[in-house]
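Novice: Starting off with a structure, shown below.
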Amino acid sequence: MASTLEKFIHSLDLRALPRVLQIQSGIYCQGSIYEMFGNECSISTGEVIKVIGFKINKLIASICENNEVSQFSDKVELPLNFPGLYKIVADKTPYVSIEEIARKVSIGQTRFGHPCFYSAEDIKVANFTIKHDEQITFNSVEEVHGTMAVNCVVVRNNRSYSFALPFAQEGEFYECEDDQIYTLKEIAEWKIPKCRNRIVKLSNTLHMCDSSNPLPENFDGCLILMPVYEVQAVMKSRKDIVHILSDLDVEVKDVTDCYDISSFLQPLSLEDIFERTSKEFPMVAEIMEGPSGSQKPYNLLSTGKEIVIYKKYQATRVLASEMRSDPSKRHYLIPMSYNGKFKRRPREFPTAYDLEIARSEKEHLHVVATKAFASPHKELFSVSVGDQFLVQQCQTSEVLYEGRKKLIDVLACEQILSDSYKKVLLPMYMEGGFVEVIHDKKQYHLSEICKEFHLPFNVKVSVRDLSIEKDVLATAPGLQFEEEITDSYLLVSSASSPVESWEIPVYRLNMLVHLLSKNVQTVVPPVIRTTVEEVSEEEYYMLRRYENLTLHPPPRPPKKPT
């Protein structure tokens, strides 16, 4: 039975992909030419295509008032990279079954794929009763004893209870409030249910040119987002990926059951390649859809090129940002193989507690106070602007508080006087301001800094990396090394002229390939070229957020006694 492309997408379960469709009627009739993403593509009535995926291509946004479209609002088109951070407004329309939730809501292995719902009534499962209004986290979908079900968790009194809810479970299920913030791209990929719109509230505006902002000036309200999908498909007559927008007027028919699906090429993403076993490497692949970018290696990864993928692995990068106050500062991921050298730049410390974190056994931390502080205790030192200190160690000290002696954490320092040193104690809760005094004139490699100092750490390139054609770090006024990031990479080279190889990031590079049954001429990869990867502001925030999930934050500075 024929249906519009949009209806087909709304009815399709992602787990059922790929599907083979036959064009029945619409704008593609009579072999019409349609330009898609800069590529002319001819699809006739009766043509067969293999749908390998679909995703949200763009969002149509309207200003929202009282959960409805404002009568004064014009619809505006927002690209997925539109800047800003957003909070999700919980959908008030209930789902009537677990199957409806599984079909319409993204449930997966990433941290975004664990949606939370509550039931309007109690639900009994085995020896456990889920109370009404109790938050249920949906973790994954799987077959349990021949029945499709969703694996769920309920946390009660700090204890987790796991159970499975079958697709057949009916009721009224409502979305829970979500206090996280997301980029528009994350919302599009994980947080917009099929056949539904999504209301979001602008939480934080990122810098953008006013002339390119389609939203009202200083807008901080709610938006209703309506998705427009993009179908990714393979045609027999082409070796690249065809993109078709869901709002086009075309009818299709699902003919998967009566068609040999293996006769089409099998596109693979970098994530698909990375999931293969290490024994399957090296392999030869042809690029079906390459990334954008004029810098190496992205300009070498164009559609139609053949590449050798030698291996997969985890590699360490240092996340760095330019030391600039304006919003246009840039962010980089620097590999440990970077061969330039750095000189130290002064660090700034807002509290005495930050001095304790930054101090090292290798050298005394020398700082100058930039803000005065009057101590409420005579046993502790009062700081004046311009005072200089050598930071020693953290310890405890007795102070007189409301007539009673009390132990508090303090930072032992030596105040530098004109011809001597004076031992002083600074309260750890002290909110002041300090700037580092640099005596070290040594030039460091990146690996030396990571080994010998605590991050964050301020530097400037003193000797650029001559192996890089254009070292973008050398032009930066200063850099702050923020933290070490571990990420997934593939090592690739050109198949036709394998004179050098490149590390390409698995999760930040949109690229599709299909594998070729060719033997790799040499198993040993050629010399690996160093690349400094510039990341966008949105990618920067995502990297910081993901990495910080695995780190235990330092304890908060102790509060000032009241």
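The values are calculated or read from the model by the stated rules, or taken from the named source; none is laboratory data. Remember, it's a predicted structure, so these values are computed and weren't measured experimentally. Ideal geometry is used to build each Cβ from the backbone, glycine not excepted, and the neighbour counts take in all protein chains shown. Accessible surface areas use protein heavy atoms only, side chains included; no ligands, DNA or RNA. Shrake-Rupley method; radii C 1.70, N 1.55, O 1.52, S 1.80 Å.
Novice: How much of the accessible area of the chain, probe 1.4 Å, is carbon plus sulfur, in whole percent? Don't skip to the end; give the middle numbers.
Specialist: Numbers: 14520 of 29940 Å².
Of the solvent-accessible surface of the chain, carbon and sulfur hold 49 percent.
Novice: Counting only pairs 8 or more residues apart or on different chains, how many lysine pairs in the stretch 348-436 have their Cα atoms under 21 Å apart?
Specialist: Taking the Cα cut-off of 21 Å, the pair count is 8.
Novice: Continuing with the same structure: Once every DSSP H run of n ≥ 4 in the chain is given -39500 (n - 2.57) and the sum is divided by its residues, what mean residue ellipticity at 222 nm do you get, rounded to the nearest 500 deg cm²/dmol?
Specialist: -2500 deg cm²/dmol
Novice: For the stretch 348-436, what is the charge dipole size about the Cα centre, in debye to the nearest 20, if Lys and Arg each add +1 at the Cβ and Asp and Glu each add -1 at the Cβ?
Specialist: Using Cβ point charges on Lys, Arg, Asp and Glu, the stretch 348-436 gives about 340 debye.
Novice: The stretch 445-513: which GluC sites (Glu not before Pro) are DSSP loop and have at most 11 other beta-carbon atoms within 10 angstrom?
Specialist: Answer in residue order: 469.
Novice: Please sort by residue number the trypsin sites (Lys or Arg not before Pro) in the stretch 263-366 whose DSSP state is loop and whose Cβ has at most 13 other Cβ atoms within 10 Å.
Specialist: 324, 362
Novice: Could you give the Stokes-Einstein D for the stretch 238-292 in µm² per second, using the C-alpha Kirkwood radius, 37 °C, 0.692 mPa s? Working shown, then result.
Specialist: Details: Rh = 14.7 Å.
Stokes-Einstein gives a translational diffusion coefficient of 224 µm²/s.
Novice: Next question. Checking the a/c ratio against 1.5 first, then a/b against b/c, what shape does the Cα gyration tensor give for the stretch 179-282?
Specialist: prolate
Novice: Over the C-alpha atoms of the stretch 80-217, what are the Rg and the largest Cα-to-Cα span, Dmax, in Å?
Specialist: Calculated on Cα positions, Rg and Dmax stand at 17.1, 60 Å.
Novice: In the stretch 420-526, which trypsin sites (Lys or Arg not before Pro) are in a loop and have at most 13 other Cβ atoms within 10 Å, using DSSP for the loop call?
Specialist: Those satisfying the criteria are 441, 442, 470, 518.
Novice: Right, something else. Given that compact globular proteins tend to follow 2.2 N^0.38 Å, what is the ratio of the alpha-carbon Rg of the stretch 348-436 to that value?
Specialist: Against the compact-globule rule of thumb, the ratio is 1.04.
Novice: Check the straight Cα-Cα distances from residue 7 and name the aspartates and glutamates below 14 Å, setting aside those fewer than 8 residues away within the same chain.
Specialist: Straight-line reach from residue 7, under 14 Å: 230, 247, 249, 251, 254.
Novice: To continue, here is another question. Run the quick spin-label model on residue 178 and residue 66: label points 7 Å from Cα toward the beta carbon, then report their separation in nm to one decimal.
Specialist: 2.6 nm
Novice: Enumerate the aspartates and glutamates that residue 131 could reach by cross-link, defined here as Cα to Cα under 18 Å, with residues fewer than 8 away along the same chain left out.
Specialist: Those aspartates and glutamates meeting the cut-off are 121, 122, 170, 172, 175, 177.
Novice: Show which aspartates and glutamates lie in cross-link reach of residue 194 when reach means a straight Cα distance below 12 angstrom and same-chain residues fewer than eight apart are skipped.
Specialist: Those aspartates and glutamates meeting the cut-off are 6, 13, 100.
Novice: Can you check how the C-alpha radius of gyration of the stretch 92-154 compares to 2.2 N^0.38 Å, as a plain ratio?
Specialist: 1.10
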